[in-house]
Amino acid sequence: MSSSDPSAPDELSSKFASQFKTSQFTIYVGPEKTPYNLHRDLLIRRCPYFRSLCSFSAAADSSSNYTHLDTAVDTEQAFDMFVEFIYGDIYTPPEYLADPWKVQVHGEVYVLAERLMMPDLKDLALRYMVNSLAYAYDTKQKQVYDPKTKAWETELIPMMESACIVNLIDIVYSHTAQRHPSNDENPSETPEIKEKGKVAEGSNAEEVEEELKEGPTKNGTQPFPSKLTEQMLPKDPMRRLIARYCASRVLELQKVPEFLKFVREKGEFAEDLFMELDKERTRVKIDEMNRLCVS
């Protein structure tokens with residue numbers, strides 16, 4: 001058995017342990033200002049948002065070791081998952097939550113990850129959401145009383161409650177953009193890959209290049225989509241996923257007043273839902289044609 005460099009394990013160990021020897025950075029989350037004392041070096045290494053914040057703080061005032069996150073997406077539940085992720089590369093929703101309500105956690109983590117500019121955490125939340133919604137089609141039995149027959153009957157209801165879906169739509173559609181810049185390093189964020197060199201109809205390559213050269217946007221991180229580039233960008237994958245799930249359960253959801261309210265008030269969701277319903281009808285027609293051909 002060949003001998004290995006005895007210093008290698010120590011070197012790896014020191015890299016891991018070094019983050020616990022650095023100064024701490026306190027993050028106060030939400031209106032209650034819940035404090036999280038995290039290692040500054042780890043925040044800088046894992047999160048672009050805190051990397052920029054700490055760099056700015058260091059330049060402005062070396063004694064600044066805290067910040068307060070107080071927007072609508074900065075919830076304690078989502079931030080708990082963020083902390084678990086930066087230290088262990090995964091996160092686990094609280095055990096006390098019923099499985100259907102865990103989808104809300106994934107939605108909260110997704111929008112927080114977008115705010116903190118963490119595509120790796122967004123990708124993980126999206127994959128968790130795919131798995132959760134796949135099991136959301138399961139049903140459970142419920143005993144209901146029918147006044148007409150004056151008898152108890154067994155009814156099958158979906159595991160995913162309508163209230164969960166309504167909350168999820170609100171979280172994601174209120175805090176994400178309809179279209180966003182693609183990222184070649186994160187395939188899940190670009191589900192519809194277009195051929196290189198193709199541009200939106202009615203524009204030319206020179207116009208596109210000039211627009212993309214305009215520089216960073218109001219948040220200083222990503223190009224802000226204009227009417228020209230918007231046509232070229234893929235839709236947010238979490239929005240597409242939720243719209244597709246709702247389209248598959250639209251006959252049930254159309255009986256829920258809160259869901260119909262979102263359809264009326266959130267035009268972007270209504271547009272996505274309509275597109276997915278159109279795709280669903282097309283798939284049904286193709287399946288029918290295939291059955292006729294086989295028979």
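For P100, the conditions (1) out of contact with any Cys (no Cβ under 6 Å at 6 or more places or on another chain); (2) under 22 Å from L241 (Cα atoms) are fulfilled apart from (1). Could you go through region 101-120 and let me know if any residue there is at pLDDT below 85 and either open to solvent by less than 50 Å² (accessible area, probe 1.4 Å) or not in a strand (DSSP E or B) (or both). Yes, the conditions are met somewhere in region 101-120.
Pairs are defined by a Cβ separation below 7 Å, a sequence spacing of at least 6 or placement on different chains, a first member in region 57-86 that is over 30 Å from D170 (Cα atoms) and open to solvent by less than 60 Å² (accessible area, probe 1.4 Å), and a second member that is modelled with pLDDT under 90 and in a helix (DSSP H, G or I); the pairs so defined are S64/S57. Is there a residue in region 127-138 that is more than 21 Å from S248 (Cα to Cα) and either at pLDDT below 95 or open to solvent by less than 40 Å² (accessible area, probe 1.4 Å) (or both)? No, because not a single residue in region 127-138 is more than 21 Å from S248 (Cα to Cα) and either at pLDDT below 95 or open to solvent by less than 40 Å² (accessible area, probe 1.4 Å) (or both).
The values are calculated or read from the model by the stated rules, or taken from the named source; none is laboratory data. These numbers come from a predicted model, not from an experiment. Methodologically, a virtual Cβ is constructed for each residue, glycine included, from the backbone with ideal geometry; neighbour enumeration extends over all protein chains shown. Keep in mind that these areas ignore ligands, DNA and RNA; they rest on the heavy atoms of the full protein, side chains included. Shrake-Rupley method; radii C 1.70, N 1.55, O 1.52, S 1.80 Å.
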